[in-house]
Every structure is written in C-alpha cells, then in structure tokens.
Amino acid sequence: MTGSPLSDFEHHNQRGIDWRRFISSRILEIRASDRWMLPVIDIGSGVSSLVTPVFDGATTFDVDAACSPNLVGDVVHVVPGGEGVWGTAFAIELLEHVVDPSAAVSNIARSLLDDGRLYASVPFSCVGFHGEDMFRFTTLGINTILSGLFDEIIVEEYWSPLNPNRDVDALSYLPDGLFVSAVRKRGCRTAPSS
C-alpha cells in the first residue's frame, strides 16, 4: 500500500475542494454559453466569491458588510437591488445558511427579470467545513421551493470521487451537493415577504 489513508478532516476537506472545483467549472460553462443575461448578481457572495472572477462587473450582495459587497442585506427580508433588476442571479452556497429558504428564493425571483436565470448550489452531505448550515436539500426539496416561481428547473447531483456512499444501494446514498439552474416564470409575481 502506498501513502497513508486520509484522516477524517483531510477526507472531508478534500471533498469540499472537489465540490468547489465542480461549482467553479459550472460557472465557467455558464459564462461560455448563452444561458445568462446581464446584469448579474452574486447573492451571498461572502469573501470568496466564485462568480465575480468569471463575471467581471457582477454586483455582490451579502448580509455581512465586512465582506464589502456592493449591496448589503438579508435576502430573506430584502429583494436584492429591487424588483425585476437582474438577468442572472447566482446563489452559491447560500440557501443552507438562511433562516427561511422559501422566502429567500421568493425574493431572488422578485429581483429577476422575466425569463431571468437562477443558478444555485447547496451541499447535501457534509462536504468540508462550511460554517453554520441550517438546512440540507434533496432534489425534491429544491424542486418544491422553486416550482411555483421558476420553470426549466434542472437539479444536478454532484458526487465527489471520495464520497464513501458513491457505490452503495439507492436507499442510502448521499451526493455531496446539488447544482441548480432555473428560469423565472414570465409574469410571475410573488407576495412581498415579511
């Protein structure tokens, strides 16, 4: 046997690195395609945005002013930038951190133009050490939150090569995360969130 097995920390950390590489590759693919519109907003951008290096000039929105976003606010209570402003919204590693994911998605939908696109990612199993998460989402859960506001919902499961559940039976598998793309329904108006 060559090398030593990864410690639990190293194993989870490497899975987290694999997950970020996967998300970064999706963002690059989106940028190279015609599946996005200007203007672009990165909601929950934090200090290490994966979006702004790829979408130069993207507006950043975060609850934490210390991250120096362009706009500061809580997406659960605030429509980022106003109604019908953005062509494309990214919510990378956001929904698991907010107290009301449905309200956050509603406000994101309100901020998008008709036919605006949402790209989001959420961890499913524990990939890396990721701060204070409140929720985990299944494919069904994400579809349920988005279905009244968005069309063309595509949920892609991501599996790290290091995921120990990768080859077990279908009842016990846990992908590392989900990457979501969706198009805002035309004329969809949502009630203001409180």
Subject >> Single condition THR60 does not satisfy, out of (1) open to solvent by 10 Å² or more (accessible area, probe 1.4 Å); (2) closer than 20 Å to ILE154 by Cα; (3) modelled with pLDDT of 95 or more >> reply: (2)
**OP:** Go through (1) open to solvent by 70 Å² or more (accessible area, probe 1.4 Å); (2) not in a loop (DSSP other than H, G, I, E, B) one by one and return the number of the condition VAL47 breaks.
**Re:** (2)
**OP:** Quickly run through segment 14-44 and pick out the residues that are part of a helix (DSSP H, G or I) and of a type in the set (Phe, Trp, Tyr).
**Re:** TRP19, PHE22
**OP:** Determine if segment 77-95 includes at least one residue that is assigned to a helix (DSSP H, G or I) and open to solvent by less than 30 Å² (accessible area, probe 1.4 Å).
**Re:** no
Subject >> Yes/no for VAL98 being open to solvent by 30 Å² or more (accessible area, probe 1.4 Å) and touching a helix residue (DSSP H, G or I) at 6+ places or on another chain (Cβ under 8 Å) >> reply: no
**OP:** Would you check if ASP42 is within 16 Å of the chain's Cα centre (by Cα), surrounded by fewer than 19 Cβ atoms within 10 Å (Cβ to Cβ) and at pLDDT 95 or above?
**Re:** no
Original post:
Would a scan of segment 67-74 turn up a residue that is touching a strand residue (DSSP E or B) at 6+ places or on another chain (Cβ under 6 Å), at pLDDT 85 or above, surrounded by fewer than 18 Cβ atoms within 10 Å (Cβ to Cβ) and farther than 19 Å from GLU132 by Cα?
Top reply: yes
**OP:** Answer yes or no as to whether VAL54 is under 25 Å from SER33 (Cα atoms), of a type in the set (Val, Ile, Thr) and open to solvent by 10 Å² or more (accessible area, probe 1.4 Å).
**Re:** yes
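Matching residues to (1) modelled with pLDDT of 75 or more; (2) surrounded by fewer than 19 Cβ atoms within 10 Å (Cβ to Cβ); (3) small (Gly, Ala, Ser):
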position: VAL105; (1), (2), (3): yes, no, no
position: ILE142; (1), (2), (3): yes, no, no
position: ILE154; (1), (2), (3): yes, yes, no
position: PRO161; (1), (2), (3): no, yes, no
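The values are calculated or read from the model by the stated rules, or taken from the named source; none is laboratory data. Everything quoted here is computed from the prediction, not taken from an experiment. Positions of Cβ are generated from backbone atoms using ideal geometry, with glycine treated the same way; all protein chains shown enter the neighbour counts. Only protein heavy atoms, including side chains, enter the accessible area calculation; ligands, DNA and RNA are left aside. Shrake-Rupley method; radii C 1.70, N 1.55, O 1.52, S 1.80 Å.
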